[in-house]
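The values are calculated or read from the model by the stated rules, or taken from the named source; none is laboratory data. It should be emphasised that the depicted structure is a prediction, and the values quoted were computed from it without experimental measurement. Cβ placement follows ideal geometry from the backbone for every residue including glycine, while neighbour counts extend to all protein chains displayed.
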Amino acid sequence: MLTVSGLQAAYGASQVLFDIHLEVREGEVVTLMGRNGMGKTTTVGCIMGLLAARGGVIEFEGVQTIGLPPERISRLGAGLVPEGRQIFHTLTVRENLMATAANRRRRNDPWTLERVYGLFPRLRERAGQVSSTLSGGEQQMLAVGRALMTNPRLLILDEATEGLAPVIRTEIWHCLERLKAEGQSILLIDKNLGVLKRLADRHYIIEKGRTVWVGNGADMERDGGKVRGYVGI
């Protein structure tokens with residue numbers, strides 16, 4: 001579904017990505033890990049077309065996406081839950097969800113308001129509430145729900161549980177497990193090794209803009225010391 005190979009990117013004269021490679025197949029949950037400042041969010045920005053790549057290949061659903069605008073990549077089926085959530089603060093919960101609603105691939109079981117409310121019952125309770133008044137955890141639920149309303153082929157979550165209370169983090173993880181069980185493809189950035197090891201099919205670690213380690217849960221268990229060193233735990 002998604003192939004990234006030899007990806008390079010920079011902010012002005014400062015090169016940030018030198019050689020990123022990763023792959024997400026249909027129905028997989030894949031993680032992208034590394035310490036802060038190593039290039040994870042920059043990689044996501046390139047995948048979504050928010051930052052111009054300077055080299056390499058990004059192929060999504062068989063389409064070469066480098067140079068395509070973000071809206072075109074979104075229409076191909078990439079849905080983003082950005083770092084910091086970035087919800088529409090002046091809109092209500094319901095308005096946030098409806099703002100992105102689309103079923104371009106004519107799915108038989110599309111994500112609708114009712115399906116999102118079923119996944120996150122708190123959003124139903126706060127449907128008419130202005131989103132700026134929600135707690136951080138509720139805003140994260142809303143950001144996930146908003147991305148799902150685009151009916152994405154690939155759901156990308158940048159810092160899925162960062163800064164959330166433990167009880168909210170647990171709820172988010174349960175929802176991601178449910179999405180995986182339903183066959184949703186997910187690219188996930190987070191730091192919770194214990195949960196990620198159980199949830200994800202494959203893990204990529206980047207260091208200073210390069211992919212330096214790839215493996216599954218068993219590999220992570222075997223290389224535990226190396227992995228913790230790379231992610232700063």
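Only one of these conditions is not met by Ser185: (1) without any contact (Cβ under 8 Å) to a residue 40 or more places away in the chain; (2) touching a strand residue (DSSP E or B) at 6+ places or on another chain (Cβ under 8 Å). Which number is it?
Here Ser185 meets the rest and fails (1).
Can you confirm whether Asn151 is touching a residue at least 24 places away in the same chain (Cβ under 8 Å) and touching a Phe, Trp or Tyr at 6+ places or on another chain (Cβ under 6 Å)?
Answer is yes for this residue.
So in region 213-229, with the set limited to residues that are hydrophobic (A, V, I, L, M, F, W, C) and surrounded by 15 or more Cβ atoms within 10 Å (Cβ to Cβ), which one is nearest to Ala181 (Cα to Cα)? Give the steps one after another, and end with the answer.
Going through region 213-229, the residues hydrophobic (A, V, I, L, M, F, W, C) turn out to be 213-214, 218, 220, 227.
Now narrow it down to the ones that are surrounded by 15 or more Cβ atoms within 10 Å (Cβ to Cβ): 213, 220, 227.
Values: Trp213: 26, Met220: 22, Val227: 26 Å.
Restricting to residues being hydrophobic (A, V, I, L, M, F, W, C) and surrounded by 15 or more Cβ atoms within 10 Å (Cβ to Cβ), the top hit is Met220.
At least 2 residues that are farther than 21 Å from Gly209 by Cβ and aliphatic (A, V, I, L, M) in each: list the strands (runs of 3 or more DSSP E) lying fully within region 1-119 that qualify.
Details: elements: 2-11, 14-24, 29-33, 53-60, 78-81.
In region 1-119, 78-81 are the strands (runs of 3 or more DSSP E) which contain 2 or more residues that are farther than 21 Å from Gly209 by Cβ and aliphatic (A, V, I, L, M).
In region 81-94, which residues are over 15 Å from Trp111 (Cα atoms) and touching a helix residue (DSSP H, G or I) at 6+ places or on another chain (Cβ under 8 Å)?
To start, the set of residues in region 81-94 that are over 15 Å from Trp111 (Cα atoms) comprises 81-93.
Scanning region 81-94 gives Val81, Pro82, Glu83, Arg85, Gln86, Ile87, Phe88, His89, Thr90, Leu91, Thr92, Val93.
Only one of these is out of contact with any Phe, Trp or Tyr (no Cβ under 6 Å at 6 or more places or on another chain) and in contact (Cβ under 8 Å) with a residue 40 or more places away in the chain: Arg105, Arg115, Arg72. Name it.
Values: Arg115 fails: in contact (Cβ under 8 Å) with a residue 40 or more places away in the chain; Arg72 fails: in contact (Cβ under 8 Å) with a residue 40 or more places away in the chain.
Just a single option satisfies the conditions, and that option is Arg105.
Restricting to region 120-141, and then to whatever is in a helix (DSSP H, G or I) and among the hydrophobic types (A, V, I, L, M, F, W, C), can you tell me which residue is farthest from Ile172 (Cα to Cα)?
Initial filter on region 120-141 (in a helix (DSSP H, G or I)): 121-125, 131-133, 136-141.
Narrowing further to those that are among the hydrophobic types (A, V, I, L, M, F, W, C): 123, 141.
Details: Leu123: 13, Met141: 7 Å.
Among those that are in a helix (DSSP H, G or I) and among the hydrophobic types (A, V, I, L, M, F, W, C), it is Leu123.
Please give the number of the condition Val57 fails out of (1) surrounded by 21 or more Cβ atoms within 10 Å (Cβ to Cβ); (2) at pLDDT 95 or above; (3) not basic (Lys, Arg).
Tallying (1) surrounded by 21 or more Cβ atoms within 10 Å (Cβ to Cβ); (2) at pLDDT 95 or above; (3) not basic (Lys, Arg), Val57 fails exactly one: (1).
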